[in-house]
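Report on the following structure.
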């Protein structure tokens, strides 16, 4: 039972697999044309086994996911860095892994915030799903695939509301986005509690199910809701509330910036006090 909450044990195990497999060095050599790990699925032309290299490779994907669930988005993206997600790779050979990787990658970039990176990769994976989902209808994971598809559209709507980069979004993806979330995206552009509520709603629907790095107390166990995401896992309401607080703080900052941009388009010059009055905030907050 003591191992059930041993997050550090999981992280150490995954990191050990990455280090023992030497996969980071192998992928660096592949970029220089000295290795063909992706083309051979990890096997050597001389007949060498991939039994260590492939687990090390997928452990980097696992580390992205675990760190994202913990809220350590920088570390998650750092572990995935050796994999060039703009290209086809070993992880794309498994559709569930492909989708889960880009989902967590996009969410981590949204939270940092690196909206352009998130928009670009959400667009790519949503376009891929749009073109190929009919081929996966018999898959046992088809329902989960559709769920992740809907969650990523919700996250893309948030990203576009923060950073309107529609030129990065394919026409077919944009059409689906407007059909699903066009009305909510218009509401998110307002500077009021209603917009705040829409952001809250979409985050709750689309975010990964957060976990804590330590075992909960007996009292907090009573307040933990267990649910399952793509691969399943326990959900800590305390961790979720912390991640939600971080997200809503960023929403507030983006709303203030959007308001400033709107008024600066109207006025060639305006005092800080007048701008604060128009935006219904105090001067220290606006500063």
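Quick one: which helices (runs of 4 or more DSSP H) sit completely within segment 23-111 and have at least 3 residues that are within 30 Å of residue 206 (Cβ to Cβ)?
On the way: elements: 23-31, 53-70, 73-80, 95-111.
Result: 53-70, 73-80, 95-111.
Let me spell it out: the conditions are (1) in a helix (DSSP H, G or I); (2) within 12 Å of residue 161 (Cα to Cα); (3) free of Cβ contacts under 8 Å to residues at least 24 places away in the same chain, and residue 197 meets all of them except one. Which number is the exception?
Among (1) in a helix (DSSP H, G or I); (2) within 12 Å of residue 161 (Cα to Cα); (3) free of Cβ contacts under 8 Å to residues at least 24 places away in the same chain, residue 197 violates only (2).
Table: residues versus (1) touching a helix residue (DSSP H, G or I) at 6+ places or on another chain (Cβ under 8 Å); (2) modelled with pLDDT of 95 or more; (3) not in a helix (DSSP H, G or I).
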residue	(1), (2), (3)
113	yes, no, yes
116	yes, yes, no
121	yes, yes, no
134	no, no, no
158	yes, yes, no
167	no, no, no
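Taking only pairs six or more apart or across chains, which ones have beta-carbon atoms under 6 Å, a first residue in segment 78-101 that is in contact (Cβ under 8 Å) with a residue 60 or more places away in the chain, and a second residue that is surrounded by 19 or more Cβ atoms within 10 Å (Cβ to Cβ)?
Here the result reads 79/60; 79/63; 79/64; 99/148; 100/230, each pair linking segment 78-101 to a residue that is surrounded by 19 or more Cβ atoms within 10 Å (Cβ to Cβ).
For residue 143, work out the one condition from (1) in a helix (DSSP H, G or I); (2) in contact (Cβ under 8 Å) with a residue 12 or more places away in the chain it doesn't fulfil.
(2)
Would you point out the residue of segment 26-55, among those that are farther than 22 Å from residue 97 by Cβ and exposed (fewer than 13 other Cβ atoms within 10 Å of the Cβ), that is modelled with the highest pLDDT? Spell out how you get there, then give the answer.
Step one: of segment 26-55, the residues farther than 22 Å from residue 97 by Cβ are 29, 32-34, 44-48.
Next, from what is left, pick out any that are exposed (fewer than 13 other Cβ atoms within 10 Å of the Cβ): 32-34, 45-48.
On the way: 32: 88, 33: 85, 34: 83, 45: 58, 46: 60, 47: 56, 48: 66.
Of everything passing the filter in segment 26-55, 32 is modelled with the highest pLDDT.
The values are calculated or read from the model by the stated rules, or taken from the named source; none is laboratory data. Because the structure is a prediction, the values reported are computed rather than measured. Methodologically, a virtual Cβ is constructed for each residue, glycine included, from the backbone with ideal geometry; neighbour enumeration extends over all protein chains shown.
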